[in-house]
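One structure is given below, encoded as structure tokens.
Where a number appears in this text, it was derived from the coordinates with a stated rule and is not lab data. As the structure is a computational prediction, the values presented were derived from the model and not from experiment. So basically every Cβ, Gly included, is an ideal-geometry build from the backbone, and we count neighbours across all protein chains shown.
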Amino acid sequence: SIMKIKKEFITYIISGGLTTGVNYALYAGLLWTGIPWLAANSIAWAGAVLTAYGLNRKWVFRSRNRIWQEFPSFAALRFVTLVIENILLWLLIDRMHIMPFPAKIAVSVVTVIGNYILCKYGVFKKEEVCHG
């Protein structure tokens with residue numbers, strides 16, 4: 001129904017905001033300690049993936065799939081967006097000489113949209129039979 005889709009989208013936006021906060025906080029903190037942007041972004045990605053998986057599984061999509069089957073596909077699909085994000089950051093930071101944090105914000109728009117599509121249609125699609 002339309003209401004269910006709206007609720008799912010709103011909870012996705014809120015959990016995405018929390019996940020983005022974790023991602024940005026880790027990224028900024030790691031940059032502040034002098035870690036290069038590529039390593040900082042990759043470590044921040046790992047923290048964000050764990051946060052996003054927990055929130056998406058329990059709150060957004062209310063998945064009942066087995067974690068050991070679901071999490072690897074979630075992380076693998078998110079890894080695709082990490083690669084794309086790192087390429088775009090390389091273009092903005094190393095080639096266009098944009099500062100690392102503003103570059104991250106610009107790239108996040110692409111990442112958030114991509115992650116929603118990958119999650120909705122790739123990871124948390126409803127199984128015909130729930131295995132509990």
Summed side-chain charge close to T51 - residues other than T51 whose Cβ falls under 13 Å, Lys, Arg +1, Asp, Glu -1: +3
Taking only the Cα positions of the range 1-77, the convex hull volume per residue in Å³ is 89 Å³
Label E8 and S73 with points 7 Å out from Cα along Cα→Cβ: what is the distance between them in nm? 1.4 nm
